[in-house]
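Trainee: Can you read through this structure? Questions will come right after.
The values are calculated or read from the model by the stated rules, or taken from the named source; none is laboratory data. Values in this document were obtained by computation on a predicted structure and should not be read as measured data. Neighbour counts run over all protein chains shown; Cβ positions are idealised from the backbone, glycine included.
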Amino acid sequence: MTQKLITMSSKELSKYDIIKNLLVGKINGTEAAKQTKLTVRHIRRLKRKVEKHGASGLIHGNRGKPSNRAVKDHIIVKAKKYLKEKYPDFGPTLASEKLEENHSIKLSDEKVRQVMIAEKLWQPKPRITNKEYRSWRPRKEHYGELEQFDGSYHEWFENRAEACCLLAAIDDATGKPVLEFTADGEGVIPVFSFWEKYIQKFGKPLAIYLDKYSTYKINAKHLLDDPEALTQFERAIKQDLSINIIHAHSPQAKGRVERLFGTLQDRLVKELRLKNISTIGQANTFLAEEFVPKFIAKFSLPALKKKDLHKKLNEIEKKNSDRIFSVQDSRIVNNNFTVRHESKWYQLAERQPTLVCRKDKVMVETRLDGAVMVSLRNKYLDFTELKQHPREIKIEKKITALTAAKQQWKPPINHPWRKQFIFKNNPQKVEQPRPITDHIINQK
């Protein structure tokens, strides 16, 4: 006859010794309760179990038995099948979501991770000990207090389309992202387009946290100390809209947006694959209508304080919105009243809303829609684009400037404006002073 082997923990063994002393009368129930830190009532239950079953009475009845909440084997078989066929490169968390969403298989993230490790679909990550000390910065308290902004170049559509850039702004307090795909990278025009849409929808944040890319910061060494040297982005955001700009010295400083891109490069790529999306237009529609709302519901947090610090545009900013979000370059008016910009020539019209002289410095604005505007002293000038290079023409003395109306009056030959030219051409002719008598008579 084989003897049954009972496996007990050290805690159960010490408890068994106390109950044996209780049974032989060495201690009473109160002393046993103090030693085991249990109630006297529970000690009575243990005493009865040991009397009836011996040492095995202290062992939990479910030990060695399958859990009542264990997942059924046929569900695990189904999950393995779908994981191998449709989600072999998914992470455990995203795979768990897709199993429930698309196949009605509800498994925890940890269970899916265990299954994927067993099927060699997931490699557990080793723990990395980082000896470098970094202090933790708490989140901002208000929504709209700080927006972290950056762009990520990645194979978002895998082999279905060329690589493109994803522009992203994430709120520091809540973690709510705003996303938009663009084919032009982090250039001035796509960044302006992104922030114009953002500000029209949410308002102006108090500050924007970004890196030192050339679109956002002047990096030329000889201009680093010049406060007037601004990029187009700094001029529009900081100078015209009064939004504070903070430049990060390392990627870790704006770690919230960096971690966002890490998550999106895993989740968003696979979501686009499942939806068979391969164009930027379809992707932006999918982001606005489906992906971002679900992402916010799953990952965003409530701000510590309820007040929204986004500021609405005032009337002047609304009126000048197209001018603010435009690429502005200063140019000089040539002697033939032409302006050259981006290898194109523009001929100024003879009638203008303000006085235009040769060598005046005008501002050429390139709008987001491609339109070109020329302004001087906050007035937009009339012009036409020349198809060919303008020929050098002889400057006529009569045309000294462009005005709102054609000049009709001509000063006479003896006008004070002309005297300097008369004296210069006739040095012998000197103006005679008035007699003193005439002066006295006029006073009388």
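Trainee: Tell me which residues, restricted to the range 151-167, are touching a Ser or Thr at 6+ places or on another chain (Cβ under 8 Å), of a type in the set (A, V, I, L, M, F, W, C) and in a loop (DSSP other than H, G, I, E, B).
Mentor: F157, A161
Trainee: Kindly list, by first and then second residue, each pair from a residue in the range 265-287 that is free of Cβ contacts under 8 Å to residues at least 12 places away in the same chain and under 15 Å from L167 (Cα atoms) to a residue that is of a type in the set (F, W, Y) and part of a loop (DSSP other than H, G, I, E, B), limited to pairs with Cβ atoms under 7 Å and residues at least 6 apart or on different chains.
Mentor: As it stands, the answer is none, since no pair meets every condition given.
Trainee: For the range 48-142, please list each of the helices (runs of 4 or more DSSP H) lying entirely inside it that holds at least 2 residues being free of Cβ contacts under 8 Å to residues at least 24 places away in the same chain and closer than 30 Å to P302 by Cβ.
Mentor: 92-103, 109-118
Trainee: Here are some residues: G203, G187, G175. Which one is out of contact with any Ser or Thr (no Cβ under 6 Å at 6 or more places or on another chain), on the phi > 0 side of the Ramachandran plot and not β-branched (V, I, T)?
Mentor: G203
Trainee: Looking at the structure I just gave you, is A32 more than 60 Å from the chain's Cα centre (by Cα) and surrounded by 17 or more Cβ atoms within 10 Å (Cβ to Cβ)?
Mentor: yes
Trainee: Within the range 355-381, can you find the residues that are surrounded by fewer than 18 Cβ atoms within 10 Å (Cβ to Cβ), more than 12 Å from D329 (Cα to Cα) and aliphatic (A, V, I, L, M)?
Mentor: Result: L355, L368, A371.
Trainee: With respect to I170, is the statement that it is buried (at least 17 other Cβ atoms within 10 Å of the Cβ), β-branched (V, I, T) and part of a strand (DSSP E or B) true?
Mentor: yes
Trainee: Looking at (1) more than 30 Å from E12 (Cα to Cα); (2) surrounded by 11 or more Cβ atoms within 10 Å (Cβ to Cβ), which is the one condition that is false for K47?
Mentor: (1)
Trainee: Has the range 272-284 got any residue that is closer than 28 Å to R139 by Cα and either at pLDDT below 95 or exposed (fewer than 15 other Cβ atoms within 10 Å of the Cβ) (or both)?
Mentor: no
Trainee: Now for a separate question. Looking only at the range 158-165, decide whether some residue is without any contact (Cβ under 8 Å) to a residue 12 or more places away in the chain, more than 20 Å from E317 (Cα to Cα), surrounded by fewer than 20 Cβ atoms within 10 Å (Cβ to Cβ) and of a type in the set (S, T, N, Q).
Mentor: yes
Trainee: I've got another one for you. Checking A303 against (1) buried (at least 17 other Cβ atoms within 10 Å of the Cβ); (2) more than 27 Å from A405 (Cα to Cα); (3) in contact with a Pro (Cβ under 8 Å, 6 or more places away or on another chain), which single condition isn't satisfied?
Mentor: Against the list (1) buried (at least 17 other Cβ atoms within 10 Å of the Cβ); (2) more than 27 Å from A405 (Cα to Cα); (3) in contact with a Pro (Cβ under 8 Å, 6 or more places away or on another chain), A303 comes up short only on (3).
Trainee: For the structure I just gave you, tell me whether H142 is farther than 30 Å from E365 by Cα and in contact with a Phe, Trp or Tyr (Cβ under 8 Å, 6 or more places away or on another chain).
Mentor: no
Trainee: Give me the helices (runs of 4 or more DSSP H) completely within the range 238-352, filtered to those with at least 1 residues that are touching a His at 6+ places or on another chain (Cβ under 7 Å) and more than 24 Å from K204 (Cα to Cα), ordered by residue number.
Mentor: Output list reads 255-274.
Trainee: Of all residues in the range 316-338, how many are touching a Phe, Trp or Tyr at 6+ places or on another chain (Cβ under 8 Å) and over 21 Å from I189 (Cβ atoms)?
Mentor: The total comes to 1.
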